[in-house]
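The values are calculated or read from the model by the stated rules, or taken from the named source; none is laboratory data. Here the structure is a predicted model, which is why all the values come from computation and not from measurement. Neighbour counts are summed over all protein chains in view; Cβ atoms, including those assigned to glycine, are modelled from backbone coordinates with ideal geometry.
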Amino acid sequence: MDPLIASELARSADGIPLRAKENHVHSTWAKTFLSRPELYFQPETLPEIEKIVRLAHKCRRRITTTGCGHSPSSLTCTSSWLVNLDKYNRILSVDASTGVVVMQSGIRLYALCEELEKYGFAMPNLGSINQQSIAGAISTGTHGSSLRHGLMSEDILSLRITVADGTTKFCSPEKNPELFRASILSLGALGIITEITFRAVPEFTLRWQQVIDTDVKMLDAWEKDLWTQTEFVRVWWYPYTRRAVVWTAEKTDEPLVPPPISYYDGTLGYYVYHNLLYVSQFFPRILPWVEWFVFGMQYGFRNGTTSQAVQPSRKALLMNCLYSQFVNEWAIPLHKGPEALRRLSSWLNQLPPSDPDYVPHNIPFSAEGLYVHAPVEVRVSNTSPSNPKSQIPNTRPFLDPTVEDGPTLYLNATLYRPYFSDPPCRDRYYEAFEWLMRELGGRPHWAKNFETDGVEIEGMYGSNLREWRKVRESVDPDGLFAGAWHRRFVLEGGPVLPLEEAEIGRKPNPTGGVVFEGDVGTAR
């Protein structure tokens, strides 16, 4: 360890501990990226967090903050200092009359939901999983699937963020609104979010139903009532079988009814699917058959098969991610969804013009010999003025990827990594998928595995990105919280910052994924 750092860590005159650990290995949940930070901190108090930030600045180190590492990108990787807030996770107050909750930012969503339930409250909306910290979820633009809701950050009333000089600032739509708009989708580049004030709602139960049928039936209902029939709607699309699972959920006072369980839903189905995916790494041509078989075993082989349940919202809104995976998700205008799926189907299935489902895809890459893992997850959100919450001034994040003047569709091209091995189709599939998303006016989800460069990001966000950079620079002029991921996507073309961490290399990890290697001195 650097002697200066060692001597600073040894000092305790102020009585504030520094919970630092060496030799920690950080990994994303999917094991896509790993890194070995110089020091790993798990602070338990705000003074500890502020002290870590001041010390990092003094020792010329970069700080990265992480929760569960669910993003499969290198966003949370560092060779410098890594701060994990899992031990900074308490509920500070709950107003029983208004549902306003104040919490420390490291609390995981599943723990937050459990605590809220004790007071008779719930989160208004959830994404597909609940493992993330609340700070990580809002910092990357997490969303659910509902036209009555936008990003999860829409229910944030105010927050506190510890910035590069070691002070903690308060911001809200009314006080310091520019910092608020930059922080509620900060990408970890402004500071460490430490406290969040959130508006919960009375706890509710959902009656959900999922129906399996042809994708043509789903697409025909698109402009009718597909997305408006209930408060929550999501779709899984399986391109080779040309079928879709439509999941709908509405609030109810009915008694709880557990979801149906078949023998295939447990360990048997998990390992059968996992091993079939692994075999397909060597024999990709079997993937259409794998999709047909697993889809049928999981949901039913007959069109019109239906299943139902009544569950608390904190359970009903979740889904099982199953295995390590790459995820490439883009936001496009909702009305362009049928075009996107039909074009992608024509390309993946190499449909001839004589096929009744054929449409010209115009994707300038060949799909010959390409077989991909399925499914494509299809979800919606709404942060346009038609959502009452979006009409509140100064609440739309500068880097909000959703459509500004209408509802948004999210398309997520998932690629499983059986036993942490990369699928051979990834590069060509994602190249074509991203090309199509760009042509349809899309923007990538910040936490996913997109390859769009910083020049294109600049064109997508324009003045909003410039405003975000201006706020970021005002609270972190030396780049204490800036890294290689930020340089590539949101700091393109700007000056290299004194404490910015540069990527100096990647090397394969023996058990899968790649190891990120960075250096602050290189950037300086």
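Structure above, values below:
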quantity	calculated
Selection status of Thr76, polar (S, T, N, Q) and surrounded by 22 or more Cβ atoms within 10 Å (Cβ to Cβ)	yes
2 or more residues modelled with pLDDT of 95 or more: qualifying helices (runs of 4 or more DSSP H) within region 437-524	454-461, 463-475, 484-489
Residues that are over 24 Å from Glu500 (Cβ atoms) and surrounded by fewer than 16 Cβ atoms within 10 Å (Cβ to Cβ), drawn from region 22-64	Asn23, Thr45, Pro47
Any hit, region 499-507, residues being in contact with a Ser or Thr (Cβ under 7 Å, 6 or more places away or on another chain), within 24 Å of Lys58 (Cβ to Cβ) and surrounded by 21 or more Cβ atoms within 10 Å (Cβ to Cβ)	yes
Qualifying residue in region 282-299 (condition: outside any helix (DSSP H, G or I), at negative phi and either within 26 Å of the chain's Cα centre (by Cα) or at pLDDT below 95 (or both))	no
Cβ-Cβ under 6 Å pairs, at least 6 apart or on other chains, region 38-59 side within 13 Å of Asp86 (Cα to Cα), far side assigned to a strand (DSSP E or B) and of a type outside the set (Ser, Thr, Tyr)	Tyr40/Lys21; Tyr40/Leu82; Phe41/Ala20; Phe41/Val83; Gln42/Asn84; Ile49/Ile192
Qualifying residue in region 376-393 (condition: modelled with pLDDT of 95 or more, more than 30 Å from Pro173 (Cα to Cα) and charged (D, E, K, R))	yes
Filtered residues of region 224-240 (kept if surrounded by fewer than 21 Cβ atoms within 10 Å (Cβ to Cβ) and β-branched (Val, Ile, Thr))	Thr228, Thr230
Pair list, Cβ under 8 Å, 6 or more apart: region 200-215 residue over 13 Å from Ala316 (Cα atoms) and without any contact (Cβ under 8 Å) to a residue 24 or more places away in the chain, other residue of a type outside the set (A, V, I, L, M) and not in a strand (DSSP E or B)	none
Pick from region 412-435, criterion in contact with a helix residue (DSSP H, G or I) (Cβ under 6 Å, 6 or more places away or on another chain) and aliphatic (A, V, I, L, M), ranking: surrounded by the most Cβ atoms within 10 Å (Cβ to Cβ)	Ala413
Selection status of Ala484, of a type outside the set (D, E, K, R), crowded, with 21+ Cβ neighbours inside 10 Å and touching a strand residue (DSSP E or B) at 6+ places or on another chain (Cβ under 9 Å)	yes
Any hit, region 400-412, residues being in a strand (DSSP E or B), within 20 Å of Asn349 (Cβ to Cβ), touching a residue at least 12 places away in the same chain (Cβ under 8 Å) and in contact with a Ser or Thr (Cβ under 7 Å, 6 or more places away or on another chain)	no
Some residue of region 106-113 being in a loop (DSSP other than H, G, I, E, B) and at negative phi	yes
